[in-house]
Structure formats: C-alpha cells, structure tokens
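The structure under discussion appears below in the form of structure tokens.
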Amino acid sequence: MLQVKDLKVSIDGKEILKGISLDVKPGEVHAIMGPNGSGKSTLSHVLTGREGYDVTSGSVSYLGKDLLDMEPEERAREGIFLAFQYPVEIPGVNNMYFLKAAVNARRVHQGMEELDALDFMDSLKEKMALLKMDDSFLKRGVNEGFSGGEKKRNEILQMAMLEPKLALLDETDSGLDIDALQICSDGVNSLRNKERGFVVITHYQRLLDYIVPDFVHVLADGRIVKSGGKDLALELEEKGYGWIEGIDAA
Amino acid sequence: MNAVALTEYYRSALAGRELPGAGLAWLSDRRSKAFAAFQGFPTTRDEDWKYTKVAAIEKRLFQFVPGMCIGLDEDDIEQYLIPGLDSYRLVFVNGQYMPMLSSKRSEQPQGFTVASLSLVLSEQPEAVESVLGTIADPSDNGFAALNSAEMADGACVILPAGQVADKPIQILYLTTAGGDDIVAQPRNLFIAGDNAQATIFETYASMGDSTYLTNAVTEVSLGANAGLNHYKCQTESGKSYHVSMTQVDQARDSRFNSHLVSLGAMLARHDLNSVFNGEGGECVLDGLYVTDGRQHCDIHSRVDHVQPHCRSDEKFKGVLGGRSRAVFNGKVYVHVDAQKTDASQHNANLLLSKDAEIDTKPQLEIYADDVKCAHGATVGQLDETAVFYLRSRGLDNEAARSLLTYAFVGEMVDRIPLAEYQQVVRGHVLARLPGGDMIRALM
C-alpha cells in the first residue's frame, strides 16, 4: 500500500534523508528505529505533507497514487494518519468539535454519509473508554493543558476515530510511563487488522514489546542500514546504536 | 470644514431644537458650558486620537431629526433583540425614543426607574440633577462636548439603594435603512444606589447600510457595594460612524463588569473609563473586535485607581482582516494613595492579512509603591503548526484557519455568562469570520 523508493529529502539545502526505500503491505507493522537525528521524524513529516521539506529525488506511492502530490488534508482523507511526536496544543478549539469535523471530512471524501451527533458520540465514548479517558476531555481544547500521556492517548483516540488505512506513529512511546504505554499500545493493537498498515517510529525497543512488529528497519544518518524481523530490535537493544553506526561507517 | 464653521453649523442645528427639560436652569447651564467646550472634532494632533482620523465625520453635515415619524412595529425590531431574554426594554430609532416599541408603562419595574431620559427630565429631574453631565467631562473631546450640548434623550436607569433589578434591562439603538446623514446622540445615565444591582445590555444596530453618526455618551454612577453588569454590542452599518464614551464613577466596594463587542461601522471609537473613588472597588473590562475591509476600530480605556485595594482587569482580543485597522490604548493610572492596587491589562490581536494594521499600547502609570500591576500586548498570525495539525486530520486549509481564528476570539465570547446573549454575540462574530457557517455546523 505504501511504496517509498529511494527518497531523498533536504531541509534548507541540507540532506536529511539520503535514499530511503520502504514497502508496506496491508496488515503489516513496520518499525523504524534509529538514534536521534537519523531522520525518523523527517520521514513521518514528509509522508504527511508538512511544509519546509524539499524532496530532491525518489518517489512515494500510496494505494497507487503519487502521495507527494497530495495536500496534507487529502492524504488524511485518503486514510493516512500520523500520531505526532509532539501533539499540538490548540486552545479554544473544542476537542469534540474538532474530532467531529475531522471524522466527517474523511467520510464525505470517501463518499459516506456524515455521522449524526448520536452515532458520533456513541463511537467516541466507546473509544474513550478503551483509552481510559474521562468525559471532561470532550469539553477541553485540543491538547490544551494535557499532560504528555494525555496528549499521546488523544492521538491514539483520534486514530481510532479516523480509522486510517495507514497509520504512522512517530515516537508515540517517548515520555510515557509504563501504564500510559500499555494503554496506548492496547489502543493501537485493537486497531490492527488484515487491511491496516502501520509504520511505528521509535527510539526505544521497549515499545516493540507491546506493539510487536513484522519488520524492523534501522535508520541511521538518513539511510536504512539494516532490515529484519522483530528479533532485530532485540539485537539492537542489546548492542546499542553504536553497533549500527559501525555498520554505517563500514 | 474648519472648526469655526463646524461649530457654527452645529450651533444653529441645536438652536432650532426644543430640548427636554429646557426650563431647568442647571441643565441649560450644563448644556451651554458643554457647547462652549465644543471646538470641533479631535484631530490626529491630539495624542488620544493619534491613530484615528475623524475628518470624514467633520466633512459631513449630520442632521438631527427630531419628531420624524417612524412606522416600525414589533416584528421589525425582533431580530435585533436578544431572543428569549425577559427584560425591561427601551428602544430608540434614529436617536428617538420609541414608546410603542419599548416596555409598556403597565410593565414598568416596581421600585426603580427604567425610562427615557427625556421622560425623567420632565417628570423627575431632581433624580438626575446631581449626576447628569457631571461624570463625563465634555471638555475631554469634541464628541463628548457635542453630545453634552444636546443631552436630549437616551436610556435612564435609576436604582435606589438596596434595589436589585428583577430583570435585565435591554436597550436597542436602531437606525433605519433611510437614515443617511442622521446624527443620533444617545445620552445614557445609569445610577445604582448603595447595594443596588442590575444588568444592562446596549445594542447598536442598523436596518440598512446608511451613512450616519452615532455619538453616544453613557454615564454610570455606582454607589457603595453596588454592582452593574454592562454589555454592549455594536453591529452598525459598514458605512456608519460610531463614537461613544462610557464613563463610570465607582464608590467603595462597587463592581463594574463590562463586556464590549465592536463589529460594525466604518469607524468605531469607544472610550471606556472608570474611576475608583472609594476603596475595594472592582472593574472588569472585557471585549472583542473583528474588523475587515477598510474598517477602523479604536478602543481607548482608562482606569483611575484613586483609592487603595481596588482591582481592575482588562482583556481585549481583536481579529483584523483586509485593510482594516484597529487601535487599542489602555491606560491604568495608579494614584499615589492607591496602595494594594491589583491591575492587569491585556490585548491580543490576530492579523489575517498583511495589509491589516494594529496599534496597541497598554500603559501603566504608577505613583503608589505597593501594587501589583501587569500588562501585555500581542500581535500575531495563525500558528502554522496548528494549521498543519488540523490539516493532517483531514480539515482543509480554509476550515483549519477558520477554526483557529474563531478559537482565538471565541475565548472572549465564552466569557459572557448569560447563555442567550452569548449565543447572539457568537452569531454576530461567526457571521463576520471566514468559514463561520462551517463552525456553526460543528457546534
């Protein structure tokens, strides 16, 4: 469903991604691991259409379409979802209104009827229960005054509501204690199915104990230097990123 | 037109009028003193009017139109009233009091007065003699002087000591579609005795898009421990001019809560001033403005902390689009004896276009040494990270921007405690913001 081919990306003339290739099929969970500055977040930003990145070569195809040609909202409506590393606080934009607008924008785009208020609330309450969020959350501004854990749970809630075809998780585990990590992971695992693809970007192997990947890729200095199964993550944890930098230099 | 010719014009315009209470010596005296203070309208050479040019008002010879017959009925004015609000109502059309559209005499409040100023001047002038024309200083500027030279009509609310108004008071100032070149000079007087309390709504609206001048002066006198909630909403014609001064005199422990919404008029200027003449007073000045096209909106406020232990809190937010311009000038003056003053002042602006301009100047002048004062101003554009976040969830660029714009100014709408009125203001604000319909549909 997602084919990234030899993707090279620069910011202000500095090359960050130096030729990435990745092939995600429906139902697969790919983990991308790497040290700080390896280009993990750049990859997620480019895939979701954030401004300020120059794609200098390569291509990204999503469900047969040229992804890089699409506006961020088009990508979202076509089923791509990014759980942000740093979710944005938007004071004054009510969480519930925001979610409703997002859900219905996608439904209209995909030729479905808009959800009425009752169906929307039913679906929302069910997913909030799963993520152990209380009702007060509905009336608050998007991420306004949320703790780190609440913000990440809110990302997963949005993901659950938007039912993406391809979900990108950008360091969703960073800054979470074990309880919050468990809740978020349960949320993600409940969404795993044969159609839905996941790209899980993380700095720590720990997350992959909870969200078990089919493939692990190691990113260093803008390149995927090693790919393998879930065991690769364990090996990486044991030997540290220094091991990878050794491979990269070699 | 030069100041001399302008003065002459308005002198003769006023001279031909039969003003209410003409036989009252004290009133004639105040009127003529005020007219003597009228030396034309302010210019940008006046520091307080530096960013607000009123030359267009000076050029036009506005006319007083007393006695004009206006055939409006309840249905015509309904859309300008606050829906579902049970209130005492006063309606003025083109500056004239409309008894047929106002609360009937049989529905008058018990124990206090809600009436037109002209009626009070003819029936109980002694009730206002010590106050009318003594709070707002006519020499402050030409508009205040011209209004004070007429002092013909407006809303008058008088609450004796201990009286709590059982219903809010709603005042509508409407201009008809054919109201070109009219000048309406509402003169409002709100007097709350010791421990009295009331809520007053002032609504300024137009039925068409005429070019006219509203030049209002509102005097407020609050006795010890009295409380007034004052809401003002200005949605006048985009070709009109709205100049107003609200001047408040606060005795000890009194509370003045003001919420000002300025959305209409080609040029709007609001002066909002309060003086703490006793200890323990509190004054909250909230407000918002939305401007577009070539609109100009100027908010000038001044709070005088004359006495100790008073608290003032001011917050205004503005959204500016097109080639519009806004001015915020808020002054907090802490006099030498006003120890333990707690004053804060904040103005935040969102610029939607590169041609919009804001001149914001929160000012503190402090002559006491044991006070807590804070002020701040911000001018910004929409946060692009927030725009991207919303777009990444499927909202289009326009919807994301609309939502963020409303969220910015919506904070001031949410501060209105009365749901019915909050709803009205929200509707007016959304009607003026891009994508307002989309946001309404979400709510």
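The values are calculated or read from the model by the stated rules, or taken from the named source; none is laboratory data. Predicted model, so just to flag it, every value in this text is computed and none were measured. Virtual Cβ from ideal backbone geometry, glycine too; neighbours counted across all protein chains shown. SASA here: full protein model, heavy atoms, side chains in, ligands and nucleic acids out. Shrake-Rupley method; radii C 1.70, N 1.55, O 1.52, S 1.80 Å.
Against the conditions (1) closer than 29 Å to A:Asp231 by Cα; (2) among the β-branched types (Val, Ile, Thr); (3) away from chain B (no Cβ under 14 Å), where does A:Val55 fall short? Just the number, please.
Just one mismatch for A:Val55, condition (1).
Which members of the stretch B:371-407 meet the condition of being open to solvent by less than 50 Å² (accessible area, probe 1.4 Å) and of a type in the set (Ser, Thr, Tyr)?
Matches in the stretch B:371-407: B:Tyr389, B:Ser392, B:Ser402, B:Thr405, B:Tyr406.
Which fully enclosed helices (runs of 4 or more DSSP H) of the stretch B:350-443 have 3 or more residues being within 11 Å of another protein chain (Cβ to nearest Cβ) and over 18 Å from B:Ser262 (Cβ atoms)?
B:384-391, B:397-414, B:436-442
Looking only at residues in the stretch B:313-347 that are assigned to a loop (DSSP other than H, G, I, E, B) and charged (D, E, K, R), which one is nearest to the chain's Cα centre (by Cα)?
So, considering only residues that are assigned to a loop (DSSP other than H, G, I, E, B) and charged (D, E, K, R), the one nearest to the chain's Cα centre (by Cα) is B:Arg323.
List every residue pair whose Cβ atoms lie under 7 Å apart, where the two residues are 6 or more positions apart in sequence or sit on different chains, the first residue falls within the stretch B:273-287 and is within 22 Å of B:Val413 (Cα to Cα), and the second residue, located anywhere, is among the basic types (Lys, Arg) and in a strand (DSSP E or B).
Taking only residues 6 or more apart or on different chains, the pairs are B:Asn273/B:Arg302; B:Glu282/B:Arg255; B:Glu282/B:Arg311; B:Asp286/B:Lys315.
Do the conditions hold for A:Asp186, that is, is it assigned to a loop (DSSP other than H, G, I, E, B), within 20 Å of A:Met133 (Cβ to Cβ) and among the acidic types (Asp, Glu)?
Answer is no for this residue.
Among (1) in contact with an Asp or Glu (Cβ under 8 Å, 6 or more places away or on another chain); (2) open to solvent by 40 Å² or more (accessible area, probe 1.4 Å); (3) more than 9 Å from chain B (Cβ to nearest Cβ), where does A:Glu113 come up short?
The failed condition is (1).
Looking only at residues that are among the acidic types (Asp, Glu) and either farther than 21 Å from B:Leu395 by Cβ or within 14 Å of chain B (Cβ to nearest Cβ) (or both) in the stretch A:58-71, which one is surrounded by the fewest Cβ atoms within 10 Å (Cβ to Cβ)?
A:Asp66
Name the pairs: first residue in the stretch B:35-57 and on the phi > 0 side of the Ramachandran plot, second residue assigned to a helix (DSSP H, G or I) and open to solvent by less than 10 Å² (accessible area, probe 1.4 Å), Cβ to Cβ under 7 Å, at least 6 apart or on different chains?
From the stretch B:35-57, the pairs are B:Gly40/B:Leu6; B:Gly40/B:Gly142.
Restricting to the stretch B:172-219, name every residue that is outside any loop (DSSP other than H, G, I, E, B) and of a type in the set (Asp, Glu).
B:Glu202, B:Glu219 - these are the residues of the stretch B:172-219 that are outside any loop (DSSP other than H, G, I, E, B) and of a type in the set (Asp, Glu).
Which of the residues that make up the stretch B:313-367 are closer than 18 Å to B:Leu272 by Cβ and touching a helix residue (DSSP H, G or I) at 6+ places or on another chain (Cβ under 6 Å)?
B:Lys317
State whether the residues of the stretch A:154-176 include one that is part of a loop (DSSP other than H, G, I, E, B), open to solvent by 20 Å² or more (accessible area, probe 1.4 Å) and closer than 27 Å to A:Tyr241 by Cα.
Within the stretch A:154-176, one or more residues are part of a loop (DSSP other than H, G, I, E, B), open to solvent by 20 Å² or more (accessible area, probe 1.4 Å) and closer than 27 Å to A:Tyr241 by Cα.
Tell me the residue from B:Gln295, B:Gln234 that is under 14 Å from the mean Cα position of the chain (by Cα) and farther than 17 Å from B:Val332 by Cα, please.
When all the criteria are applied, what remains is B:Gln234.
Please enumerate the residues belonging to the stretch B:246-258 that are assigned to a strand (DSSP E or B) and surrounded by fewer than 24 Cβ atoms within 10 Å (Cβ to Cβ).
The answer is B:Gln247, B:Asp249, B:Arg255, B:Asn257, B:Ser258.
Right, B:Thr44: of a type in the set (Ser, Thr, Tyr), open to solvent by 50 Å² or more (accessible area, probe 1.4 Å) and either modelled with pLDDT of 90 or more or not assigned by TED's automatic domain parsing to the domain that holds B:Leu213 (or both) or not?
Judged against the criteria, B:Thr44 is a match.
So, in the stretch A:72-105, exactly how many residues are open to solvent by 50 Å² or more (accessible area, probe 1.4 Å) and more than 7 Å from chain B (Cβ to nearest Cβ)?
Adding up the residues that qualify gives 3.
Please work out if A:Ile183 is over 13 Å from the mean Cα position of the chain (by Cα) and open to solvent by less than 50 Å² (accessible area, probe 1.4 Å).
In short, yes.
If you check B:Ala56 against the conditions, is it in a helix (DSSP H, G or I) and within 30 Å of B:Asp359 (Cβ to Cβ)?
Judged against the criteria, B:Ala56 is a match.
Listed here are the residues, each with its yes/no results for (1) over 24 Å from the mean Cα position of the chain (by Cα); (2) within 23 Å of B:Glu236 (Cβ to Cβ).
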residue	(1), (2)
B:Arg11	yes, no
B:Ala15	yes, no
B:Ser28	yes, no
B:Phe41	no, yes
B:Asp46	no, no
B:Phe62	no, yes
B:Met100	yes, yes
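How many residues are in a helix (DSSP H, G or I) and either crowded, with 22+ Cβ neighbours inside 10 Å or more than 14 Å from chain B (Cβ to nearest Cβ) (or both) if we restrict to the stretch A:24-47?
6
Taking the stated definitions as given, is B:Lys53 closer than 17 Å to B:Val217 by Cβ and open to solvent by 70 Å² or more (accessible area, probe 1.4 Å)?
no
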